[in-house]
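The values are calculated or read from the model by the stated rules, or taken from the named source; none is laboratory data. Worth saying up front: this structure is predicted, and the values here are computed from it rather than measured. All Cβ positions, even for glycine, are placed from backbone atoms using ideal geometry, and neighbour counts span all protein chains on display.
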Amino acid sequence: MVQLITARNLSVDFPIFGMTSNRSFKKSLINIATGGALAKDASNRVTVRALDGLSFDFYEGDRIGLVGHNGCGKSTLLQVLAGIYEPTSGELTVDGRITSMLGITLGMDAEVTGLDNIYLRGRLMGLQRKTIDGMVDEIADFAGIGEFLHLPMRTYSSGMSMRLAFAVATSVEAEIILMDEWLSAGDADFALKAKDRLTALVSKARLVVIASHDLSMIADQCNTVIHLEHGKILSMTKK
Amino acid sequence: MHGIWWGLAWQEIKQRYRRSVIGPFWIALSTAVMVSGMGPLYGILFGQAVSNYVQHLAVSLIIWTFISAAINEAGTVFVGAEGYIKQVNLPLSVYVLKLISRNLLMLAHNCTVMLFVLIIFPPDNFNSIWMAPFGLLMVVCNLFWLVLLLGMLSARYRDIPQLVSNIIQVALFLTPIIWSIEMLPPGRRFLADFNPLFHFIEVVRAPLLGKSIYLVSWLFVFITMLGGSILTFLVFKKFRSRVPYWL
């Protein structure tokens, strides 16, 4: 089996600035914290330990589901895998191209046309202008925005903008997919179409990591379920 | 990262001037208004020939606007891009290059005013005008490290942007922009040498105005470029990965 992602003792600490005084307040916070554990780093700063010594191996073909309460570290782990945060300590090796489905509407501009937004999003996903040229028709067609393509996006309904964002995000071939909740958009009809499209994309990917609260979806899609709590792996179940 | 900063820079300019009739040429127009308003008055105040003074003021103000805007915006280069930095994994240099490209685009618009002024009041000679692009290139290289460094410091210490904008505000008056070093008594001209911003402006300005090349400025700009790049590289190498945590 080809190992695509390896983590050894991976930890992430978020520094909290502007809280160096008022010790008692800090102590009381430690007791009520539902998120990561509060701690102090070497220079006596307050930090939140969002991920605490995680070790795991993800292999080719794995479908990983991350579950746990709010603040358990699911999203942070996805951000770390996406390369946004470098681990504060420990090691992480990623062997493959990451396609992050986090923030699929980032960079969209309501004042420019849907067409321009396809390019804006495509460029942020790391695509070349030329590559996008060849994808525009398919994306517009799938999103079903018709002649609205050439109108500013502020004229779209919120469902239409979401459909467009979804269509762009799912228009690429992906090796390693990271997703915060199963993506969906639009009305019932579109949601069905969207599910098929995303399932097709996911089934072609070499590795998928999804964070979700939807346990039935996780059971449906994933072969490994990682249960996080306070930034630690509580259990890791393979199907 | 395949030139994405250029597209983002254009996008921001277009966003700012959307649905305005003359669009980004407002940049040029406001410079034109400032120069034509201040030029004659300050020319008289300083006892200068209007042609000479307007020429000096236009070129100086345009270069200054470019440099000062870039330095002023450095404080928010990462803080302002928090949404991007926390959601997509782009190199931090993308945001710095975007900032510099945007200001270069604004400079390009302002250059229409400069062209206009230099046609109406031509300088004595154009012998060294070919050096202006090199001067600008060195200024841009300096701005790259400076914006990167200030951007990182500002992400960690949020007082830096305030401090920088304070300094820039005063610097407009302390740097020979509205006045020129020729107005200083000969024995006092060395005072300008202690002002780094003077040298930054001078390497672009002197070639455009047909003035003799001031070697000290070129040396200064060159040395800061090397020294600053090394310093920033070291800081960047050590703290690059911390920037998202500071936002």
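When B:Arg205 is tested against (1) within 14 Å of chain A (Cβ to nearest Cβ); (2) basic (Lys, Arg); (3) out of contact with any Leu (no Cβ under 8 Å at 6 or more places or on another chain), just one condition goes unmet, and that condition is (1).
Can you give me the number of residues within segment B:44-89 that are more than 14 Å from chain A (Cβ to nearest Cβ) and either assigned to a loop (DSSP other than H, G, I, E, B) or of a type outside the set (A, V, I, L, M) (or both)? So the count comes out to 19.
So that you can scan it fast, the table gives a plain yes or no per residue for (1) within 14 Å of chain B (Cβ to nearest Cβ); (2) out of contact with any Ser or Thr (no Cβ under 6 Å at 6 or more places or on another chain); (3) in contact (Cβ under 8 Å) with a residue 60 or more places away in the chain; (4) buried (at least 22 other Cβ atoms within 10 Å of the Cβ):
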site: A:Ala169; (1), (2), (3), (4): yes, yes, yes, yes
site: A:Glu175; (1), (2), (3), (4): no, yes, yes, no
site: A:Ser203; (1), (2), (3), (4): no, yes, no, no
site: A:Asp214; (1), (2), (3), (4): no, yes, no, no
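B:Pro176 fulfils the conditions (1) assigned to a loop (DSSP other than H, G, I, E, B); (2) over 20 Å from B:His56 (Cβ atoms) except for a single criterion, (2). Among the residues of segment A:216-235, the ones that are of a type in the set (A, V, I, L, M, F, W, C) and under 17 Å from the mean Cα position of the chain (by Cα) come to 6 in all.
Inspection of segment B:215-225 finds no residue satisfying the criterion of being hydroxyl-bearing (Ser, Thr, Tyr), within 30 Å of B:Thr112 (Cβ to Cβ) and not in a helix (DSSP H, G or I).
Residue count for segment A:49-66 satisfying the condition of being away from chain B (no Cβ under 14 Å), farther than 18 Å from A:Ala174 by Cβ and surrounded by 22 or more Cβ atoms within 10 Å (Cβ to Cβ): 1.
Does A:Ala219 qualify as being farther than 18 Å from A:Leu78 by Cα, within 13 Å of another protein chain (Cβ to nearest Cβ), exposed (fewer than 15 other Cβ atoms within 10 Å of the Cβ) and of a type in the set (A, V, I, L, M, F, W, C)? Steps first, please.
Working: farther than 18 Å from A:Leu78 by Cα: yes; within 13 Å of another protein chain (Cβ to nearest Cβ): no; exposed (fewer than 15 other Cβ atoms within 10 Å of the Cβ): yes; of a type in the set (A, V, I, L, M, F, W, C): yes.
Spelling it out, it is not the case that A:Ala219 is farther than 18 Å from A:Leu78 by Cα, within 13 Å of another protein chain (Cβ to nearest Cβ), exposed (fewer than 15 other Cβ atoms within 10 Å of the Cβ) and of a type in the set (A, V, I, L, M, F, W, C).
Restricting to segment B:90-118, and then to whatever is over 19 Å from the mean Cα position of the chain (by Cα) and within 14 Å of chain A (Cβ to nearest Cβ), can you tell me which residue is nearest to A:Gln79 (Cα to Cα)? Only one residue fits best here, namely B:Leu90.
Within segment B:179-201, the set of residues being within 19 Å of the chain's Cα centre (by Cα), in a helix (DSSP H, G or I) and free of Cβ contacts under 8 Å to residues at least 60 places away in the same chain comprises B:Ala192, B:Asp193, B:Phe194, B:Pro196, B:Phe198, B:His199. Do we find a residue being surrounded by 14 or more Cβ atoms within 10 Å (Cβ to Cβ), out of contact with any strand residue (DSSP E or B) (no Cβ under 6 Å at 6 or more places or on another chain) and touching a residue at least 60 places away in the same chain (Cβ under 8 Å) anywhere in segment A:142-163? The answer is no; no qualifying residue exists. Any residue at all in segment B:7-19 that's buried (at least 17 other Cβ atoms within 10 Å of the Cβ), modelled with pLDDT of 90 or more and assigned to a helix (DSSP H, G or I)? Scanning segment B:7-19, I find no residue that is buried (at least 17 other Cβ atoms within 10 Å of the Cβ), modelled with pLDDT of 90 or more and assigned to a helix (DSSP H, G or I), so the answer is no.
Checking every residue in segment A:209-230 against the condition of being at pLDDT 90 or above, β-branched (Val, Ile, Thr) and within 16 Å of A:Asn70 (Cα to Cα) gives at least one match.
Select from segment A:112-130 the residues that are within 24 Å of A:Ile98 (Cα to Cα) and in contact (Cβ under 8 Å) with a residue 40 or more places away in the chain and list them in ascending order. Even if it seems obvious, please write down each step before you answer.
Restricting attention to segment A:112-130, the residues satisfying the condition of being within 24 Å of A:Ile98 (Cα to Cα) are A:117-130.
Within segment A:112-130, A:Asn117, A:Ile118, A:Arg121, A:Gly122, A:Met125, A:Leu127 qualify.
Tell me, yes or no, whether segment B:2-14 has at least one residue that is more than 14 Å from chain A (Cβ to nearest Cβ) and among the small types (Gly, Ala, Ser). Please lay out each step first, then the result.
The first filter runs over segment B:2-14 and keeps only residues more than 14 Å from chain A (Cβ to nearest Cβ), leaving none.
No; the residues of segment B:2-14 include none that is more than 14 Å from chain A (Cβ to nearest Cβ) and among the small types (Gly, Ala, Ser).
So for segment B:188-210 (the condition being acidic (Asp, Glu) and touching a helix residue (DSSP H, G or I) at 6+ places or on another chain (Cβ under 7 Å)), does at least one residue qualify? The answer is yes; a qualifying residue exists.
Within segment B:209-225, residues that are in contact (Cβ under 8 Å) with a residue 40 or more places away in the chain reach partners that are assigned to a helix (DSSP H, G or I) and among the aromatic types (Phe, Trp, Tyr) with beta carbons closer than 8 Å, at six or more positions or on different chains, in the pairs B:Val221/B:Phe200; B:Met225/B:Trp145.
Please give the helices (runs of 4 or more DSSP H) falling wholly within segment A:50-163 in which 1 or more residues are among the basic types (Lys, Arg) and touching an Asp or Glu at 6+ places or on another chain (Cβ under 8 Å).
A:74-81
Close Cβ contacts (under 6 Å, 6 or more residues apart or on different chains) running from residues in segment A:216-234 that are part of a strand (DSSP E or B) to residues that are of a type in the set (D, E, K, R) and surrounded by fewer than 18 Cβ atoms within 10 Å (Cβ to Cβ) comprise A:Thr224/A:Lys238.
Filter segment A:69-95 down to residues that are of a type in the set (D, E, K, R) and within 11 Å of chain B (Cβ to nearest Cβ), then give me how many there are. I'd like the intermediate steps shown before the answer.
Of the residues in segment A:69-95, the ones of a type in the set (D, E, K, R) are A:74, A:86, A:91, A:95.
In the following step, the residues that additionally are within 11 Å of chain B (Cβ to nearest Cβ) were identified as A:86.
Going through segment A:69-95 one residue at a time, the tally reaches 1.
Tallying residues that are more than 19 Å from B:Trp246 (Cα to Cα) and modelled with pLDDT under 90 within segment A:42-52 yields 0.
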